[in-house]
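First the structure, in the form of structure tokens, and then the observations on it.
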């Protein structure tokens, strides 16, 4: 019970409350990133002198899950941080690199979606590397197509939505969990259609509420909003 919590229990709420996640589980990313930042000097020289090999090595460890299980020490955080650092250190524009690959990435992602669905259907659970490849290819697909459409003025950057992104990220976890449980109880007996509807409806609803709350905070409490957003 909470009344019996010691200082270590309170600390664990922010680090490893349950199954390696903090109590507000979406903050696992921030937790892991804080830990990675402690190793920035090591990563900088590792990437500077080993170049692309450093990123490939970390990517291989992440891809095939060759890492130890310890909350906060996540190979995914090390890999994606290092990947971004490699682009920055060697001054490569990743959108320029990704753009010519958009059709190939789209085709591969569709194949990976089909393969992943078949593996799930046949209850094959030891192919996590396919899921990880899907993450990389999916990111490449989204970034390349967004960059392509911005370059041709089909899309434009909405500064307000960009500013609200971190707020929505920070708040969305618990509302989504609550509404998902309520939706499942409301839709009994559950069907594939009702579950699929909830899958799309709940995130859209929570995102809309989050953007609305952010707009009110920014309008009425700009200094406070700037503080909780870390100046974003």
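The values are calculated or read from the model by the stated rules, or taken from the named source; none is laboratory data. Bear in mind the structure is a predicted one, so any value in this text is a computation, not a measurement. Heads up, the Cβs are rebuilt from the backbone with ideal geometry, glycines too, and the neighbour counts pull from every protein chain shown.
Here are the numbers:
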item	result
Count - residues of segment 29-64 that are at pLDDT below 90 and in a loop (DSSP other than H, G, I, E, B)	0
Test: residue 62 is in contact with a helix residue (DSSP H, G or I) (Cβ under 9 Å, 6 or more places away or on another chain) and surrounded by 14 or more Cβ atoms within 10 Å (Cβ to Cβ)	yes
Among (1) at pLDDT below 90; (2) surrounded by 16 or more Cβ atoms within 10 Å (Cβ to Cβ); (3) under 28 Å from residue 83 (Cα atoms), the one test that residue 225 misses	(3)
Selected residue (criterion: surrounded by the fewest Cβ atoms within 10 Å (Cβ to Cβ)) from residues of segment 152-164 that are without any contact (Cβ under 8 Å) to a residue 60 or more places away in the chain and within 18 Å of residue 222 (Cβ to Cβ)	159
In segment 190-222, the residues that are surrounded by 14 or more Cβ atoms within 10 Å (Cβ to Cβ) and closer than 12 Å to residue 180 by Cα	194, 198, 202, 203, 205, 206
Set 31, 18: member being out of contact with any strand residue (DSSP E or B) (no Cβ under 7 Å at 6 or more places or on another chain) and exposed (fewer than 13 other Cβ atoms within 10 Å of the Cβ)	18
Test: residue in segment 136-146 that is touching a residue at least 12 places away in the same chain (Cβ under 8 Å), over 22 Å from residue 59 (Cα atoms) and either outside the structural domain of residue 66 (by TED's automatic domain parsing) or part of a helix (DSSP H, G or I) (or both)	yes
Criterion (surrounded by 16 or more Cβ atoms within 10 Å (Cβ to Cβ) and farther than 21 Å from residue 173 by Cα) met by exactly one of 8, 38, 83	83
